[in-house]
Amino acid sequence: MYLDPRWFAVMLGSAAAFSALSPLVYARRFNFFAASLPHAALLAAALGYVAAAFLGGSPAAWAVLLSLPPSLLLVLLLHKGVSEDSATSAFVAFTTSAGVAAVYYVLTSFPARVSLWSYILGDPLLAGWEDAALAVAVAALSIAASLLLLQKEVSIGLDSDFSSLSGIRVKLHDYALAALLTLVSVSLLRAVGFVVEHVALLLPAAISSRLARNTREFLALSVLPSLAAALLGLLLAVQLNLAPAAAYGFVLLAAYLISLLGGGGA
């Protein structure tokens, strides 16, 4: 059985990146936003192809740049008093409709159209060294950001008014977290895929919340099971000819089901 080190770098890097941000999502109750991000990421990936075709440059760089305005606009709407359900529904409606239109345009108009399928299904087995380096770099960024922000995000999640009175700039944290989640989702969409990104962002903290006793354990018990799931999922995928992202999602789900038996948290 052949195992390319780039596969490990992409799978483990992606798992580490998403699972490190998962506690921030859980603490801030950003689950709806996180669940809607893959729609925006797919739209950004398709628009990145179009922008690069007409303006030059890297499709991936354009995708990252174009992904930020919709996410930051969603946060602005929330700050303006629009309910989370209404704002998120509008966000998903726009990004889904625009994403389908953009993907269709790319599929029917550009020679690079085939690789768009990797953004939907996830395809780490086709990763190059550039993809591997990107996954490791994004993982390092996510872990560093989580270590820096988790305590404050937990405080904001528990009582935003008290946090604001304590000197925490709550609105700035909202924008920073939205931007961070968006950048990571778009950067790693090709590795994990549109569908499994939901699992990668939401399940690790759901597992950790049942087992952790403090914020340090909350982060560690989010990242470590996700890394184990990515490793086992990759091995199963290669051995059984499965989609690696799907195998990772199934293993992570199994870990969550096991945590239901072993933990007493929420």
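The values are calculated or read from the model by the stated rules, or taken from the named source; none is laboratory data. Quick caveat, the model's predicted, so the values are computed rather than measured. As a convention, Cβ positions derive from the backbone with ideal geometry for all residues, glycine included, and neighbour counts pool all protein chains shown.
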- Look through T88, T96, T108 and report the one residue that is surrounded by fewer than 12 Cβ atoms within 10 Å (Cβ to Cβ) and either β-branched (V, I, T) or part of a helix (DSSP H, G or I) (or both). T108
- Members of segment 28-82 found to be within 25 Å of S146 (Cβ to Cβ) and not in a helix (DSSP H, G or I), listed by number: R28, R29, F30
- Task: State the number of residues belonging to segment 199-236 that are at pLDDT below 90, in a helix (DSSP H, G or I) and surrounded by fewer than 18 Cβ atoms within 10 Å (Cβ to Cβ).
- Result: 2
- Which one of the conditions (1) in a helix (DSSP H, G or I); (2) of a type outside the set (A, V, I, L, M, F, W, C); (3) free of Cβ contacts under 8 Å to residues at least 24 places away in the same chain does S185 fail to meet, given that it meets all the rest? (3)
- Message: Can you confirm whether D123 is in contact (Cβ under 8 Å) with a residue 24 or more places away in the chain, charged (D, E, K, R), within 27 Å of L231 (Cα to Cα) and out of contact with any Cys (no Cβ under 9 Å at 6 or more places or on another chain)?
- Response: yes
- Hey, could you check segment 66-94 for residues that are in contact with a helix residue (DSSP H, G or I) (Cβ under 6 Å, 6 or more places away or on another chain) and among the hydroxyl-bearing types (S, T, Y) and say which is modelled with the lowest pLDDT? T88
- Which residues, counting only those in segment 135-166, are surrounded by 17 or more Cβ atoms within 10 Å (Cβ to Cβ) and either modelled with pLDDT under 90 or over 23 Å from E217 (Cα atoms) (or both)? A135
- For R169: the one exception among (1) in contact (Cβ under 8 Å) with a residue 12 or more places away in the chain; (2) surrounded by fewer than 16 Cβ atoms within 10 Å (Cβ to Cβ): (1)
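Looking at segment 35-68, which of the residues that are polar (S, T, N, Q) and within 16 Å of F194 (Cβ to Cβ) is surrounded by the most Cβ atoms within 10 Å (Cβ to Cβ)?
Across segment 35-68, the extreme among qualifying residues is S67.
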- Query: Considering only residues of segment 34-81 that are aromatic (F, W, Y) and out of contact with any Pro (no Cβ under 8 Å at 6 or more places or on another chain), which is farthest from P204 (Cα to Cα)?
  - Reply: F54
